[in-house]
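Quick notes on the structure that follows.
Please treat every number below as a calculation from the coordinates, not as lab data. Being a predicted model, the structure only gives us computed values, none of them experimental. All Cβ positions, even for glycine, are placed from backbone atoms using ideal geometry, and neighbour counts span all protein chains on display.
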Amino acid sequence: MNPTRNLKEFMKNLSPDEAFLILQKLFLENPDLEELIQETAIKVVSNVDAEEIANGLHDDLVFLDVEDLYNRAGSSSYGYVDPNDESWVMFEEAVEPYISEMKKYHQREMPHEVKAYCIGIIEGLVMFKKADTDFLEWVADAPLDYISHVVDEYKELLPDVDDVEEVVAVVEALVG
């Protein structure tokens, strides 16, 4: 197959590492592309949709399986793992990637996207609180308790006071 015959299909089948290496090589060989690459990157990553974040987090939390909890908890060769403690660990493992992504937007100096990500996480937690899952019974307090953790993480990023007030208003509107 001649890769240049169907470049779009060829590009779709690249791994993320291969795509990065190609982009890096193009940039190193064509430094005049820096502005175009930066503009394109910003366009790609600046499309943060709080509702999409909320739905993604909700789905990740809803798919936490109580059977997985039972497999991870109880007696093992390392001792006893309390199911209540392990349920919180599983909950946190599902939420933390979203908080990490929010922090990446801060590192990129994209405050509007950070705020949108934070709001999406909060909305996702509230959606999960209203879900009907067996796993939620193990972490019934976690969604609302974790909202304060998310807001604290957001505040540590030193956002604008108006943005903090907007996030707090969202929390109050959703939680009361």
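Tell me the label only: which of [x] 1.09; [y] 1.17; [z] 0.95 is Rg/Rh (Cα atoms, Kirkwood Rh) as calculated from this structure?
[x]
Treat each spin label as a single point 7 Å out from the Cα along the C-beta direction, and report the Lys155 to Glu67 distance in nm.
4.2 nm
Give me Phe20, Phe135, Phe128 sorted ascending by neighbouring Cβ count inside 10 Å, so fewest comes first.
In order of increasing Cβ crowding within 10 Å: Phe20, Phe135, Phe128.
Using Cα atoms only, what is the angle between the long axis of helix 142-156 and the major principal axis of the chain, expressed in degrees (0 to 90) to the nearest 10?
It works out to around 50 degrees.
How far, in degrees from 0 to 90, does helix 50-62 lean away from the longest principal axis of the Cα atoms of the chain, to the nearest 10?
That works out to roughly 50 degrees.
Rounded to the nearest 10 degrees, what's the angle between the helix 111-129 long axis and the longest principal axis of the chain, both from Cα atoms, 0 to 90?
40 degrees
Take Glu93 and Asp59, extend 7 Å from each Cα along the Cα→Cβ direction, and tell me the distance between the two endpoints in nm.
Going by the 7 Å Cα→Cβ label model, 2.0 nm.
Residues with amide H under 5 Å of Val81's amide H, sequence separation 5 or more or different chain, H placed in the peptide plane at 1.01 Å from N; which?
Gly74, Ser75, Ser76
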